[in-house]
Amino acid sequence: MAYVAMARKWRPQSFSDMVGQEHIAQTLQNAIEGGRLHHAFLFTGTRGVGKTTSARILARTLNCTGGDPLHPCGECPSCKDFTSGSPMDVFEIDAASNTGVDNIRDVIERVQYPPVIGKYKIFIIDEVHMLSTGAFNALLKTLEEPPEHVIFIFATTEVNKVPQTILSRVQRFDFKRLSVEQVRSRLRFICEQESINASDETLDVFAEKADGSMRDGLTYFDQAYAFTGSEMTADAVRSVLGIPPVELFFTLINAIEAHDLKACFKMVDDSCKRGIEFTPLLDGFGKFLRNLLYTRLDAFTPDVLNVSEELYTKYKSSVPGLKNGDILRISKMLIDLQAALRYSTNPRLLVETTFARMAWLDHLTDLRRALAAINDPSKASGSADQEALKKKVTEVSTMLDAQEEAKAIRRKNENPFAALQEGFAGGYGNAATYSRYEIAAAWNSIKARIADDFDFTFSVALNDTVLETGNLQETPFPIMLTYVGDTANSDNWGIRQMEEHPEYLDRLKQILEDRLQTPVVLSIQSRAYTESELHLKRQAQLSPFELDKQNDPNLKRLIDVFNAELIFSTKMKKQVVEKQPDEQIQDQEKD
């Protein structure tokens, strides 16, 4: 007898055999028992999670004439017809190769005829999203009002490509990705039935490699079984599937911590000698970094991470010189590497140089703590530490200033009035933190960011305010939130909001402390506009026409003489004056 692949041999035959989709199995069983069966279903989910298998189980169950309505008997004419491989009442259509209108017209013609053996004529259309727009349109009428003996079951991995007109006519069932535990349990059951000896670690390798797909897990299991026979070991399975051992990643992360470029290159060379491809190598390192970060944060238990207690402890104690920020930065570099790898003509060089860059870069410095130490000298552990932090902040500030200057030059070239516009808008860049000298000038920018948080009342309560600072050397740093108006009357709406909502004042104090990285004493006051502020306010309220009238005496005189008024305005195009030949000669002589 010909060998049958594990994925086919152990395919579920009834709802009770389905793994990981119990919610769907129970819903369908209740519908069958209660006589509330819909005429069209849509099964959606990633590959290998049981969509087509569930469709076949549903079709076989509905047409079975045995005594149990939920478990096909396997003995009735309908069940025997189904197991023959070409059932007369169940039609499976691959939409990937039957995408056109003519294929759907053939389906519509078959719909008109009653079933031959069973109770229903069932159409299973796999990868239904591949149908053309015309095919979907041709199916709409039949799908909305099919004969009583017809049931449609659609399966797709990309439900977003199915038209809404189809989705509104079907019952949708979303299939979940299987967990590692569910795949492992199913493989353990198969090992017991096939008399295969495999440890939990070995089965975990298959379960992790399957990535939520039972079919993929069984395919990998079949591949390893052909290599190892009845005695499966984790090392043998990793070897045949090309999965890197975790020890390689501990070697790599230790090399990165020690800035050991030679060890990074050696690790890549060892991986190539083992026959490990770069894609699974980088995927495995990404999972390693995830586990490393999760164990440090105590976010998950060893069982959830699917690692042993011993390995969990090893994760927690490894690379103490790398901070969580370093791990996040390495993860970002890894993600960029994976994206670039597919386009590289020399993937090994790309991988080696990226790992070397990971090891070459210095470890991260907490700039918030550094800025706080500079703003508040009492937080520095010593003069040497403070000087080192100042030096680090100065270096970073210089780099950021250079970047901002380059951006400003580019904006100025694109728009000559960009600097003037930024000055009126109160823009001071996108920095998240400010020094004590900058905070008052940056207040408009901070208010704009508060407004972006969609807390309308809190944002409006800060209108018509400025920040006024006290002694710049004092800690906690004194700041006055000043409400500015036509008079010095303190009884205005904004101040009342702050008094009636103490949490507003606390929130603002927290925002300012986050921006300054130093303790703040916040108080509220009010005052009238100064003469210069009133002048700027009036100028801001004038239209361009009124500004021109104010600044140009000739225009004002012309308007007064003719009693003129503005009807409309238009932007003048820049005129290019062509030079005369003698002027061009003079310019060339100057050059």
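The values are calculated or read from the model by the stated rules, or taken from the named source; none is laboratory data. These numbers were taken from a predicted model, which means no experiment stands behind them. Using ideal geometry, Cβ is built from the backbone for each residue, glycine included, and neighbour counts are taken over all protein chains shown. These accessible areas exclude ligands, DNA and RNA; they are computed on the full protein's heavy atoms, side chains included. Shrake-Rupley method; radii C 1.70, N 1.55, O 1.52, S 1.80 Å.
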- request: Could you check how many residues of the range 69-100 are among the acidic types (Asp, Glu), open to solvent by less than 70 Å² (accessible area, probe 1.4 Å) and more than 17 Å from residue 153 (Cβ to Cβ)?
  value: 1
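Anything in the range 290-306 that is under 19 Å from residue 328 (Cα atoms) and either surrounded by fewer than 19 Cβ atoms within 10 Å (Cβ to Cβ) or of a type outside the set (Val, Ile, Thr) (or both)? List them, or say none. First the steps, then the outcome.
We begin by selecting, within the range 290-306, every residue under 19 Å from residue 328 (Cα atoms); these are 290-300, 305.
Within the range 290-306, 290, 291, 292, 293, 294, 296, 297, 298, 299, 300, 305 meet the criteria.
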query: Restricting attention to the range 46-57, does a residue exist that is within 20 Å of residue 111 (Cα to Cα) and surrounded by 15 or more Cβ atoms within 10 Å (Cβ to Cβ)?
result: yes
message: Checking residue 288 against (1) out of contact with any Gly (no Cβ under 6 Å at 6 or more places or on another chain); (2) touching a residue at least 60 places away in the same chain (Cβ under 8 Å), only one condition comes out false. Which one?
response: (2)
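Name the helices (runs of 4 or more DSSP H) wholly within the range 1-105 that hold at least 1 residues that are under 30 Å from residue 181 (Cα atoms)?
Once the helices (runs of 4 or more DSSP H) in the range 1-105 are filtered for at least 1 residues that are under 30 Å from residue 181 (Cα atoms), what remains is 6-9, 22-34, 51-63.
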- line: In the set 131, 140, 178, the lone residue that is aliphatic (A, V, I, L, M), open to solvent by less than 40 Å² (accessible area, probe 1.4 Å) and over 30 Å from residue 218 (Cα atoms) is 140
query: Would you pick out the residues in the range 239-270 that are open to solvent by less than 50 Å² (accessible area, probe 1.4 Å) and under 30 Å from residue 192 (Cβ atoms)?
result: 240, 241, 242, 243, 244, 245, 246
message: I'd like the residue in the range 460-469 that is surrounded by 13 or more Cβ atoms within 10 Å (Cβ to Cβ) and either among the aromatic types (Phe, Trp, Tyr) or part of a loop (DSSP other than H, G, I, E, B) (or both) and, out of all such residues, is farthest from the chain's Cα centre (by Cα).
response: 464
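Give the residues of the range 185-207 that are open to solvent by less than 70 Å² (accessible area, probe 1.4 Å), assigned to a helix (DSSP H, G or I) and either more than 30 Å from residue 37 (Cβ to Cβ) or of a type in the set (Phe, Trp, Tyr) (or both), sorted by residue number. Talk me through it step by step, then tell me what you get.
Of the range 185-207, the ones open to solvent by less than 70 Å² (accessible area, probe 1.4 Å) are 185-188, 190-191, 194, 196, 198-199, 202-207.
Cutting the leftovers down to assigned to a helix (DSSP H, G or I) gives us 185-188, 190-191, 194, 202-207.
185, 187, 188, 190, 191, 194, 202, 203, 204, 205, 206, 207, listed by residue number.
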message: Which pairs turn up if I take residues in the range 543-561 that are among the charged types (D, E, K, R) and look for partners that are open to solvent by 90 Å² or more (accessible area, probe 1.4 Å) with beta carbon separation below 7 Å, at least 6 apart in sequence or on another chain?
response: 549/556
- prompt: Which ones in the range 210-234 are in contact (Cβ under 8 Å) with a residue 12 or more places away in the chain, surrounded by fewer than 20 Cβ atoms within 10 Å (Cβ to Cβ), among the small types (Gly, Ala, Ser) and assigned to a helix (DSSP H, G or I)?
  reply: 234
task: Determine if the range 271-289 includes at least one residue that is modelled with pLDDT of 90 or more, among the charged types (D, E, K, R), surrounded by 13 or more Cβ atoms within 10 Å (Cβ to Cβ) and within 24 Å of the chain's Cα centre (by Cα).
output: yes
query: Among the residues of the range 23-39, is there at least one that is surrounded by fewer than 15 Cβ atoms within 10 Å (Cβ to Cβ), over 25 Å from residue 111 (Cα atoms) and touching a helix residue (DSSP H, G or I) at 6+ places or on another chain (Cβ under 9 Å)?
result: yes
- prompt: Which pairs have Cβ atoms under 6 Å, sit 6 or more apart or on different chains, and link a residue in the range 171-184 that is part of a loop (DSSP other than H, G, I, E, B) to one that is among the charged types (D, E, K, R)?
  reply: 175/51
